[in-house]
């Protein structure tokens, strides 16, 4: 990955907008700019980038060795144990005055401490916006992650049995995702059966799936720090006619949205394509979420594919297309692929089959 | 769990401190107060608690069904799709004027939007402080999670083989953690071998562990929303003498800290107990992190066991004790248990063996 080039783009942004430098503390953005590894939820790292393009990564003694071995393009600065991060950051920033910070990430508390040391100006989501357009190396990592989850799903379906618990099903899938090369789960695996399938975020439980119930699986792994995100709905036993119909409607909506996705369409318009299909069949009120979201270093990032995003998709955006229908007390179906937007259309990055599967 | 009682304690706090109400958006605290489920990193839920003890949970249509079925003690309010959260929150809060917010969680951006609707005052970490003292039901959930990870570790060691990759080892452990009842991983499993073991946060890689290398495993699951967190170091092949010595020093330091842990000792003093042992053997500069941290709904929460925490531990605190020694280019050892502080001492909640294991 060309981290120097990414840092260079940030420096250009700083010069254009009159900043002396910026402080980046979102660990996903720090990883994007330096390759410095992170675990989800870890904190305590901060990257200072000057308008001259010098990048300094301030880390604790805990993370120093790994940062030295793995990061690229940034000077690594080790804090003393117990030393406040912001004090070291002030030293690193030298005489910089107008300094940008990520107002959509920094908490009110941290801001209070930081503004004692710096003259701060909101920088908004400038780095997140850069991250929305994937370069070929990022696409390769995403496809590596999807390859692992695709192969794992294929191996898992032959191990699924009518009557097994959601947790048992999740354990099979996660085992194969690891064996196929996933370096971590991209998010907490969802397995939600029967009436629980109406919980779009349902964590696996000890509930047994059987009797033709629809079971929603939503899963993904990381490869070199990039995420995959896939949903499929399998039937445990022969499904009832209504759920077969619902499955076919969701698949129709998903295929329609994928056919419509291209550079220039807005997130709202693309959401409308999937929604129109589901509404046309009379199930509109059961499609209770947006059609999709961007995926990259974070499993949920920009751009959104929902009614609130009036911005146009551009080549290099990687988004999910995942309509769903959730009927309270009855069941739910969701089908999700990841696509990359291209000039004339898009390329579907998910290879795993979407036909109706009965286990 | 007695969610009404927890809400009642928050209401008392609000009255005592002159608040009309508070807004709680940290998903872990929302779960603590209402049992409303969450997936790590999910957002879009907000809980409003009035000084009269009325709790209203505002959720999206996506989460409405699950919130209705699973939360307790709070009224569930569904937003319209696309409706801004803060607008609905303003309606729910009625005429409330002085409203508390979590300044250590809310971002500067959200604060900007929120303060247009409310007269806001920092509430600090009041809820987090309540969460630090576990009640018997919370301890039971934590012990359930630890039971699953303890049994999984025991099953895993018989499947570990000299020469297997870190990812293969992680896949075995995670499979068993699921099968033993883990509803989710509590965090990204760490498996770090040989020189990679000096990365305290090392994600599993395709590196093969062999030749007597020390391999650090750091792992945990969730049970009913509560986390376990355990570290063990296994040798893949017969270890060199120095690493045997390092193992024994880390174990000595860990046992010393566990013996010293009781109500009234400060986090700093307890950290000092483990550190003194390691320094006494001349390895002080290789112990590059604090001795431990609180665990509960979050895998990292208060109270800290490190040099920055001058506060005293109290009965009901659940903390890890996890000293480590990491020698660059050579290897690392970490051993971690979870203990609950009691009046006269503590109880070790982790049962898995700590003797030196060679696979």
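When a footprinting reagent is the concern and you count Cβ atoms within 10 Å, what order do B:79, A:130 take, fewest first? Display every interim value, and only then the final one.
On the way: B:79 21, A:130 15.
With the fewest neighbours first, B:79, A:130 line up as A:130, B:79.
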Where both partners of a DSSP beta bridge lie in the protein assembly as shown, what percent of those bridges are antiparallel, to the nearest 5? 75 percent
So for chain A, what are the equivalent ellipsoid semi-axes in whole Å, largest first, each being the square root of 5 times an eigenvalue of the Cα gyration tensor? 41, 22, 17
Please compute, for peptide A:166-175, the average count of beta-carbon atoms on other protein chains lying within 10 Å of each residue's beta-carbon. 4
From Cα coordinates alone, what are the radius of gyration and Dmax values for the protein assembly as shown in angstrom? 25.0, 74
Nm distances between copies for residue A:211, ranked from closest, using label points 7 Å along Cα→Cβ: 5.8
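Under the rule of -39500 (n - 2.57) per DSSP H run of 4 or more residues, summed and divided by the residues of the protein assembly as shown, what mean residue ellipticity at 222 nm is obtained, to the nearest 500 deg cm²/dmol? Provide the component values of the computation, followed by the final result.
Details: 20 runs with 246 residues, N = 718.
My calculation for the protein assembly as shown gives -10500 deg cm²/dmol from helical runs alone.
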Projected area averaged over orientations for the range B:274-359, convex hull of C-alpha atoms, nm²: 7.3 nm²
Inside 10 Å of the C-beta atoms of A:49-61, what's the mean count of C-beta atoms belonging to other chains? 1
Candidates B:319, B:246, B:295, ranked by Gaussian network fluctuation over chain B, Cα under 10 Å, top entry: B:246
Given labels modelled 7 Å from the Cα in the Cβ direction, how far is it in nm from residue A:116 to residue B:224? 4.2 nm
Partner shielding of A:90-98, taken as the mean number of other chain Cβ atoms within 10 Å, equals 0
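Looking at the range B:136-358, what % of its DSSP beta bridges pair antiparallel, to the nearest 5?
Values: 32 of 34 bridges.
Close to 95 percent.
Can you work out the FRET efficiency for the pair residue B:347 and residue B:259, with r the C-beta to C-beta distance and R0 = 22 Å, to the nearest 0.05? It would help to have the intermediate numbers written out before the result.
Working: r = 13 Å, r/R0 = 0.58.
Once the sixth-power term is evaluated, E becomes 0.95.
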What's the angle, to the nearest 10 degrees (0 to 90), between helix B:267-280's Cα axis and the longest principal axis of chain B? 10 degrees
Could you tell me how many degrees, from 0 to 90 and to the nearest 10, lie between the Cα long axis of helix B:61-70 and the main elongation axis, the longest principal axis, of the Cα atoms of chain B? 80 degrees
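Equivalent ellipsoid semi-axes for the range B:3-130, as square roots of 5 times the alpha carbon gyration tensor eigenvalues: give them largest first, rounded to whole Å. Display every interim value, and only then the final one.
Details: eigenvalues 77, 59, 38 Å².
Those come to 20, 17, 14 Å.
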What is the minimum Cβ-to-axis distance for chain A, in whole Å, where the axis maps A onto B, and to which residue does it belong? A:175, 2
What is the distance in Å between the Cα centroid of the range A:268-335 and that of the range A:164-236? 19 Å
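Using the number of other C-beta atoms within 10 angstrom as an exposure proxy, rank A:88, A:275 with the fewest first. Intermediate values should be presented prior to the final figure.
Numbers: A:88 19, A:275 22.
Lowest count first: A:88, A:275.
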Take the eigenvalues of the Cα gyration tensor for the range B:223-304, scale each by 5, and report the square roots as semi-axes in whole Å, largest first. 25, 19, 10
Of A:272, A:284, A:82, which is the most mobile in a GNM of chain A whose springs link Cα atoms less than 10 angstrom apart? A:82
Going 7 Å from Cα along the Cα-Cβ axis for the label, what nanometre distances separate residue A:17 from the same residue across the other copies? 3.3
With an 8 Å cut-off on Cα pairs and a minimum separation of 6 or more residues, tell me the relative contact order of chain A in percent. 14 percent
When the convex hull of its Cα atoms is projected in every direction, mean area for the range B:168-263 (nm²): 7.5 nm²
I'd like to compare B:329-336, A:7-14: which one has the highest average count of other Cβ atoms within 10 Å, and what's the full order after that? B:329-336, A:7-14
For B:168, A:166, A:269, A:83, what ranking results if the residue with the fewest other Cβ atoms within 10 Å of its Cβ goes first? A:83, A:269, B:168, A:166
Considering only the label points, 7 Å along Cα→Cβ from Cα, what distances in nm to one decimal separate residue A:121 from the same position in each other copy, shortest first? 3.5
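Could you work out the Rg to Rh ratio of the range A:112-176, with Rh taken as the Kirkwood radius (inverse of the mean 1/r over all Cα pairs)?
Working: Rg = 21.4 Å, Rh = 16.0 Å.
Computed over Cα atoms, the ratio is 1.34.
We did not get these values from a lab; they are worked out from the coordinates using the rules stated. Source: prediction; values computed, not measured. Don't worry about glycine lacking a Cβ; one is built from the backbone with ideal geometry, like all the others, and counts go over all protein chains shown.
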